[in-house]
1. Just the Cα atoms of region 128-228, one point each, no solvent: what log10 I(q)/I(0) does Debye give at q = 0.10, 0.17 Å⁻¹?
2. Along each of the three principal axes of the Cα atoms of region 160-204, give the extent in whole Å, ordering the values from largest to smallest.
3. Which shape class, rounded, prolate or oblate, goes with region 97-170 when its Cα gyration tensor gives a ≥ b ≥ c as root eigenvalues, a/c under 1.5 marks rounded, and past that a/b bigger than b/c marks prolate?
4. Ala331 to Ser312: extension gain in nm, 0.36 nm per residue of separation minus the Cα-Cα distance?
5. Counting only heavy atoms of protein chains, what accessible area per residue, in Å², does region 90-233 have with a probe of 1.4 Å?
6. How much of the pair distance distribution for region 191-245 lies past 14 Å, counting alpha-carbon pairs only, in percent?
7. Take the Cα of Cys197, step 7 Å along the line toward its Cβ, and report every residue of region 224-238 whose backbone nitrogen sits under 19 Å from that point.
8. Just the number, please: carbon plus sulfur as a percent of the accessible area of region 155-244, 1.4 Å probe, no ligands or DNA/RNA counted.
Amino acid sequence: MIEDDLRAAFARHEPLTPSTGPLRAAIDRLAAVRRRRRQRFQAAGVALALLAALGVGVPQLRPDRPVEGSLLHGLPADAPTGALNILLLGVDGFGEAPSYRLADSVLLVHIPADRSRPYLISLPRDLEVSIPGRGADKLNSAFYHGAGAPRPDLDAGYDLTRQVVADLTGVRVDAGAVLTFAGLRKITEAVDGVEVCLPKEVRSWHTRRVFPAGCQQLDGAASVDLLRQRRYLPDGAFDRDRNAQRYVDGLIRRAVAQDVLTNPARLAALLSAVGKNVTVDDDGLPLTKLVAVLPELKSVDPVGLSLPAGPSGDNAARLSLDPKQGRAFLAALAEDRLAQWVEQHPGQVNRTR
């Protein structure tokens, strides 16, 4: 009897119960977004990181001439128009199971609308910027504030850094990737080492390893060691940024030599090797559309640049944008006329070989 009364009561009140449809739909949408973000690596991963890093690649393997054909066959040719900007973050995690903290390598790859050639722009880690919700702080700390603790979220760290970089530069960031040092080591090992050409000797502050001047083949551990160095370098973090560009130069050369970008089996093996140590943002510019841009490039001979910055008067540990050159550089970037800026400032070009 009691059971029958309860059934009758529920039946009377059921029409008054709010529909769960909208709530369920919202939950499903949120879950789908999170799944898509977490599966970015499986979908694009290292491929986007390598293709974005093409801005420092293969001037000898593919000299200054029009590029013929697509690097990845069978992809749609509906390449986007206008200038493109890809953000690459290198995160120092301090160990095998790191608590990811700071994005100490911040690289912006700019592909102009005329598709003349790529530009790789290093943004100083110590540059003082405005971080939403945090105020003024170093650029590399934007990743830390976004990622959170105690289990950092690479996606969230990237998203906040992306916002800060867009606000700083005044350009839209179309795509990007985060690569931890553990992932960098695994990528290097997956391609059997990377050749890096140094203009001067580098001594490791962490391991006392010596990297002689000239070209040398580095394994995964040595690559990570080199890219962490700044204390013994004449220009500190600026020299580390230049060495990061030299490493990416060697990585792309190696990837091209091994057909990583054109051989699905080799690309899959590389993706498997890196695993969770890479996260990719391709919401704004899908990988297939990014790849479709490559055949349009008149030259793959890149131009390496650094955002002009200097010591801050208020805090010696921070940098500030150069009041004259820095503003002129950002204006040239936003207006897609870096070629003219480089012609006027040839001494600002970073050599990778």
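The values are calculated or read from the model by the stated rules, or taken from the named source; none is laboratory data. The structure displayed is predicted, hence computed values, not measured ones. Here the Cβ positions follow ideal geometry from the backbone for every residue, glycine too, while neighbour counts run over all protein chains shown. Note: accessible area is taken over every heavy atom of the protein model, side chains too, but ligands, DNA and RNA are not part of it. Shrake-Rupley method; radii C 1.70, N 1.55, O 1.52, S 1.80 Å.
1. Result of the Debye calculation: -0.40, -0.92.
2. On the principal axes, region 160-204 reaches 36, 27, 17 Å in Cα extent.
3. Numbers: a/c = 2.30, a/b = 1.73, b/c = 1.33.
Since a/c reaches 1.5 and a/b is larger than b/c, the shape of region 97-170 is classed as prolate.
4. Working: separation 19, 0.36 × 19 = 6.84 nm, distance 2.11 nm.
So the chain would gain 4.7 nm between Ala331 and Ser312.
5. 39 Å²
6. Working: 693 of 1485 pairs.
Every Cα pair in region 191-245 considered, those over 14 Å come to 47 percent.
7. 227
8. Numbers: 1730 of 3660 Å².
Exposed carbon and sulfur together represent 47 percent of the surface.
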